[in-house]
Amino acid sequence: MAPEGQQREGRGYLRRTHGPMGIAAGPPEAPPPLPLAAQGITVEIGGAQILGGADLELKEGELVAVVGPNGAGKSTLVRAVSGLQKTSGGSISWWGKELGSLRGRDLARLRAFVPQRMPVPAGVTVREAVTIGRSSHLRPLGRMTGSDREAVGAAIARAGVERFGERALTTLSGGELQRVQIAIGLAQETPVLIADEPTSQLDLGATVGVAGLLRSLVGDGLTVLLVVHDLALALAVADTVVVVSGGRTVAAGPPAEVLTPERLAEVWGADARLSEDGGRTGLHVAWVPEAAMGTGASS
Amino acid sequence: MRRLLGLALVLAALCLPATSQAAAPERVVALTPFAANTLAKLGVTPIGIGETLGGNERFSPKLKGVPTLPLSHPNGPNLEQLASMDPDLVFSSRTWAKGNQAMQRLGIDVVLLDPRSIREALADTFEIGTIVGRRQYSRDLVRSMRKQIAAASKGIAKHPKVMLILGVGRTPFAFLPNSWGGDIVTKAGGELLTAGVSSGSGFERISDEVVVAEDPDVIVAVPHANADDIPSLTEYLRNNPAWASTTAAKSGRVYVSVDNSLLQAGTDIASTIRKVRRLYLEN
Amino acid sequence: MARRSLVFAALLVALALATVASLALGAVRIPASEVIDILLGKGGGGPNQQIVESLRLPRTVEALVIGAALGIAGAILQGALANPLASPDVIGVTGGAGFGAILIIILFPGSIALLPIGALFFGLLAATLVFAFAWSGRNRGSAGKVILAGIAMLSLFTAGTTGLLAAYPERAPSAIFFIAGGLTSSGWEEMETIWPYFAVGFVFAAVLIRPLDRLALGDDVAASLGSRPQLIRLGAGVAAALLAAASAAIAGLLGFLGLVVPHVVRMAGGSSSNTFVVPASALGGAALLAAGDTLARTLRAPIEMPVGPFMVVLGVPLFLWLLRKAV
């Protein structure tokens, strides 16, 4: 279920990120460039074609969830548009600029990528890690300014990890670590935040926390791109769902329209149905097909 | 009483053969140049002599044609090669400790001789002679060698301070008094810079500070190198900044010796002493 | 933060003490007042001035520079390869440098003046080969490939070195000192030739500190921040190779420093942040080498012993004590 309207109540530290690199929006008649427009992406890894023409688009201020079966190429697609994975074909542009033409530092001001699980170095505190996330704003041998320190503090607060700001990363639980990873991404202060399966390894409570955090970031005005496994979660948080299967984009649109039982059967090969009931979403699955054979109705 | 005397005579007669010399070994191998050249001097031709790769051993012309055994760590000679020569006795060195053990297990007699001073060299010369059945001859030989050495070290006018070093590079080892070269130089009238220092090996790295403070008059280097390397090595040593202030460096009295005469005990001790006096010490 | 500042202060004190000891002590007894006079330019000529100016001073400077260089090399390699066992040995530099030096000592003794150049050349050659192999084929530039290629190259050159030593045993003593590692009192000569390599290595390492911190959070986060992980690893390898090869050219094979000093510093300061570890390793390495060298040349004066064992004797107890306290 889509949230009620796009509420742009963004305040606080995100106010400054309005408009990337001061690029003018262009004449009033021309539509503003999309944060991300990617078409026909093909990726080959080790001789195997992982993506054979996938598309992805981001509109400002929305949360897009990329879903699909294992090995479909979801992560590869998201990494490719983020500039972390080489492509063999297709076009990718960020705010109208070709990905290939953007230098590393410039791209780092446009999007922050939060990996599924980063290595946890010993002897590094949460604050130090988030400070590293800020380094894209610093000159190679430049010092941190007061505003940089503020931004780090704001990112830590926003991600809700203030309580363990001075603790070592190695002492954190999975859910806490995931929030810290998001804080590192927030310190980059970009209009777009990308997270690769941020909840796949978290328990229920931690997942609820992170889901809420990501949704509230959209409320602040951020654009968020997620890869998720959990279809009920996608239904709950996403404005747009993109289904990737067999290396191609097979559907994109509002979750309720895209994640139909027919789609679930076609792409995942499962007899299932998503439902929504008073703020909760659920996935109903006929786990043992023989039992469901012949019955069309479900309770 | 007469019976007792007779018994004593019989006993003495039985003991006599034990005290007379055992039969001299016929097939002798000499692994060190000292042993090889000493045998040559004694008129005994070994059936094999040892030669190290890259070493600069000088052998007596009398040993021409004697089969050579290449020596390498840790055994020294190739044991199969040695065994095929069927030697009775091998004159070896402590360097080849493993090989010596193996030779003994093969039933070969091994005699270790590592003379590190003139006195030891003379004693070892006598011992070699005794072992190969040339005792009287070797006694005379040692006597004449002593005379020659005395003559060679006569009339020493000056006692320059000498630093004798082994090896190349900026980390040479200095010869101590209890090394062969150190003994030769001392006998030739030089005063070793390292006088008073001793260690098991006879060589040590000496601090350059001490070199500067002691200020040697002569520096002699004995590197493991070839004769045509001498000019460049001399140049290199003369330019060692650490020694620039010494009398030796300032007066250009820095010498390089690549033959083994200072490195290993030789049989031409007197002529070595004379050479050292003439070339290096100028006394 | 307070703990790190404390560690820094302690390192500076240790460095100062080691430097003073290195200048004031030696095989020849020179009263401290005279040493100070000479350093201030008021020496009266004579052997003591010669000793302090041409022997002790350059040697102290060498110890500080080389100690810092090896400490930094170890720190940036451990950061770049994310492996606590990384050290300059692992990228093949020390093996190559050793081979180059032994080659000259044993086969070309007449060209002994070229020893530092030979060590430098082969050290850098070995590192270049390691990077070339690690960057070829699949998984280019991954830490695992670098380490494996480095071990292979180290084995190759060590075998060459051992072969030479075995074939020419009488020439071995000259080589042994180089292998054991040690400084020599040869004035400013060697440093004058080799200093550019140190300078470039130091600057390069400084520039790499922040990128290495990014790399610590993983290749993905580093890429997100605009860095190229493979390039950072390559850069760290190059900087470490320069520093280690230059060090080996002058001081032979000093293996202990680059591996252990960064760990000691990390455990003492409780932080792996490269902005702390890299400079602290420089200070710690300099102090350790200067102290070890002073001991090596004063304990059995006038005999000079190789410095390696003394660094181990000084460093290992501290390392083990910190290890016990750490988790």
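Of note:
- Restriction of the trypsin sites (Lys or Arg not before Pro) in region A:78-152 to DSSP coil positions whose beta-carbon has at most 10 other beta-carbons within 10 angstrom yields A:Lys86, A:Arg103, A:Arg143.
- Reciprocal mean inverse distance between Cα atoms of the protein assembly as shown - Kirkwood radius, Å: 33.4 Å
- Mean ellipticity per residue at 222 nm, deg cm²/dmol - from DSSP H runs of n ≥ 4 across chain B, formula -39500 (n - 2.57): -11500 deg cm²/dmol
- Calculated from backbone phi, Karplus (6.51, -1.76, 1.60) coupling profile of region C:180-197 in Hz, x at Gly/Pro: 5, x, x, 8, 10, 8, 9, x, 8, 3, 5, 4, 4, 7, 9, 4, x, 5
- Of A:Ser101, A:Ser216, A:Ser135, the one that fluctuates the most in a GNM where chain A has Cα springs shorter than 10 Å: A:Ser101
- DSSP assigns beta bridges within region B:28-151; of those with both partners inside it, close to 15 percent run antiparallel.
- Take the Cα radius of gyration of region A:163-210 and divide it by 2.2 N^0.38 Å, N being the number of residues; the result is 1.17.
- Here's how it looks for B:Ile165: its modeled amide H is under 5 Å from those of B:Phe175, B:Val220, B:Ala221, B:Val222, which are all 5 or more places away or on a different chain.
- Mean-position separation - Cα centroids, region A:28-65 and region A:157-179, in angstrom: 32 Å
- From its DSSP helices (H runs of at least four residues, each -39,500 (n - 2.57)), chain C gives a residue-normalised ellipticity at 222 nm of -25000 deg cm²/dmol.
- Largest-first principal axis extents of the Cα set of region B:28-151 (Å): 44, 30, 27
- Intensity falloff of region A:122-186 expressed as log10 I(q)/I(0), Debye formula with alpha-carbon point scatterers, at q = 0.21, 0.25, 0.30 Å⁻¹: -0.77, -1.02, -1.33
- Reachable aspartates and glutamates, given that their alpha-carbon falls under 18 Å from the alpha-carbon of B:Lys62 and they are not under 8 places away in the same chain: B:Glu26, B:Glu51, B:Asp268
- In sequence order, calculated HN-Hα J values of region A:172-185 (Karplus, 6.51, -1.76, 1.60; Hz; x Gly/Pro): 8, 7, x, x, 4, 5, 5, 5, 5, 4, 5, 4, 4, x
- Between region B:189-249 and region B:143-159, the C-alpha centres lie 25 angstrom from each other.
- Amide H contacts of A:Ile45 (H built 1.01 Å from N, under 5 Å, at least 5 apart or other chain): A:Ile50
- Overall form of region B:161-281 per C-alpha gyration tensor (a/c, 1.5; a/b vs b/c): rounded
- GNM result for chain A, Cα springs below 10 Å: residue of A:Leu226, A:Leu204, A:Leu102 fluctuating most strongly: A:Leu204
- Only Lys, Arg (+1) and Asp, Glu (-1) charged, at Cβ; region C:233-327 dipole about Cα centre in debye: 260 debye
- Taking 30 Å as the straight-line reach from the Cα of A:Lys59, the lysines in range (excluding those fewer than 8 positions away in the same chain) are A:Lys74, A:Lys86, A:Lys97.
- Dipole check for the protein assembly as shown: with +1 at the C-beta of Lys and Arg, -1 at the C-beta of Asp and Glu, and the Cα centre as origin, the magnitude is about 2840 Debye.
- Neighbour counts of other Cβ atoms within 10 Å put B:Val66, C:Val200 in the fewest-to-most order C:Val200, B:Val66.
- Global geometry of chain C, whether rounded, prolate or oblate, following the gyration tensor of its Cα atoms and the 1.5 cut on a/c: oblate
- A simple spin-label model places pseudo-atoms 7 Å from Cα toward Cβ; at C:Ile117 and B:Asp259 they are separated by 3.3 nm.
- Among A:Glu266, A:Glu189, A:Glu128: highest mean-square fluctuation, GNM of chain A, C-alpha pairs under 10 Å: A:Glu266
- Exposure proxy ranking, count of Cβ atoms within 10 Å, fewest first, for C:Phe319, C:Phe178: C:Phe319, C:Phe178
- Amide H to amide H distances under 5 Å link B:Glu191 with B:Lys161, B:Val162, where only residues 5 or more positions off or on other chains count and H is placed in the peptide plane.
- Measuring max minus min along each principal axis, the C-alpha atoms of chain B give extents of 83, 48, 33 Å (largest first).
- When each of B:Lys154/B:Lys250; B:Lys64/B:Lys154; B:Lys41/B:Lys98; B:Lys41/B:Lys275; B:Lys64/B:Lys158; B:Lys158/C:Lys42 is checked by Cα-Cα distance, pairs over 31 Å: B:Lys64/B:Lys154; B:Lys64/B:Lys158; B:Lys158/C:Lys42
- Of all DSSP beta bridges in region B:129-283, antiparallel share, percent nearest 5: 30 percent
- Inter-part distance, region C:44-62 to region C:250-327, computed on C-alpha centroids, equals 25 Å.
- Fewest-first ranking of C:Ile91, B:Ile131, using other Cβ atoms within 10 Å as the exposure measure: B:Ile131, C:Ile91
- Loop-located trypsin sites (Lys or Arg not before Pro) in region C:21-100, at most 13 other Cβ atoms within 10 Å (DSSP): C:Arg29, C:Lys42
No lab work stands behind these numbers, since they all come straight from the coordinates. Here the structure is a predicted model, which means the values were calculated and not measured. Quick reminder, even Gly has a Cβ in these numbers, built from the backbone with ideal geometry, and neighbours come from all protein chains shown.
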